[in-house]
Amino acid sequence: MKIIITLFLTAVALINSCFAVVAQDQAYSDDRSDGAALIRSLYNAINRQEYARAYSYFIKPADSYQSFVKGYSKTVDVQVITGKVTTEGAAGSIYAPVPVAVKSTEKGGKARVFAGCYITRIVNAAIQEPPFTPLHIDSAELEEVKGPLEQALPKVCHSPS
């Protein structure tokens, strides 16, 4: 009986470590050098199941952290493509609207495609006082769309007025 329990516990440990390896399979990327890089870093964190890091990219997340994590509970893989990013200055800030198309694959293999825009923002670094606030996601508007990922990408996004 002890051998069976030991084998069972070993199998459970191996299965859990396999899930951790899959989540860590993608190289770590945390790049806030521009809007598109920030959005790629967001989805890198989601793919690696580093939800606290993903959540931290938003200056004011729409949901609580628990709701944010729950929203990805069925997600096993996310692919993102970004379009042409433009930048606009306004009142000491630089805004960079980022067109995106996202393909999310859930447990069981169901794939869904979303398209829309992220607005990234940084306050002029020369006028900031500590603590420094790096480039962050100011807002996001995505909706589910039909068709392949490559065809879902919006041509352009606009900064807030």
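The values are calculated or read from the model by the stated rules, or taken from the named source; none is laboratory data. None of these values were measured; they are calculated from a predicted model. Note: ideal-geometry Cβ built from the backbone for every residue, glycine included; neighbour counts use all protein chains shown.
Worth pointing out:
- One residue from THR105, THR133, THR120 being more than 29 Å from ALA152 (Cα to Cα) and in contact with a strand residue (DSSP E or B) (Cβ under 9 Å, 6 or more places away or on another chain): THR133
- Taken over segment 65-83, the criterion of being surrounded by 14 or more Cβ atoms within 10 Å (Cβ to Cβ) and either free of Cβ contacts under 8 Å to residues at least 24 places away in the same chain or farther than 24 Å from CYS157 by Cβ (or both) is satisfied by PHE68, VAL69, VAL76, ASP77.
- Scan of segment 28-75 for residues that are among the hydrophobic types (A, V, I, L, M, F, W, C) and in contact with a helix residue (DSSP H, G or I) (Cβ under 8 Å, 6 or more places away or on another chain), ordered by number: LEU42, ALA45, ILE46, ALA52, ALA54, PHE68, VAL69
- Restricting segment 51-83 to residues that are in a strand (DSSP E or B) and in contact with a Phe, Trp or Tyr (Cβ under 6 Å, 6 or more places away or on another chain), the residue that is nearest to ALA140 (Cα to Cα): VAL80
- The residue pairs whose first member lies in segment 91-112 and is farther than 17 Å from ASP34 by Cα, whose second member is acidic (Asp, Glu) and not in a strand (DSSP E or B), and whose beta carbons are closer than 9 Å, counting only pairs six or more residues apart or on different chains, are ALA101/GLU150.
- Scanning segment 44-59 for residues that are aliphatic (A, V, I, L, M), buried (at least 17 other Cβ atoms within 10 Å of the Cβ) and out of contact with any strand residue (DSSP E or B) (no Cβ under 8 Å at 6 or more places or on another chain) gives ALA45, ALA54.
- Any pair with Cβ under 8 angstrom, 6 or more apart, that starts in segment 126-148 at a residue that is closer than 13 Å to ALA96 by Cα and ends at one that is of a type in the set (Ser, Thr, Tyr) and assigned to a loop (DSSP other than H, G, I, E, B): LEU135/SER33; HIS136/TYR57; ILE137/TYR57
- Those strands (runs of 3 or more DSSP E) lying entirely in segment 84-161 with at least 3 residues surrounded by fewer than 16 Cβ atoms within 10 Å (Cβ to Cβ): 88-90, 93-106, 136-145
- Check on SER41, at pLDDT 95 or above, surrounded by fewer than 17 Cβ atoms within 10 Å (Cβ to Cβ) and within 25 Å of PRO160 (Cβ to Cβ): no
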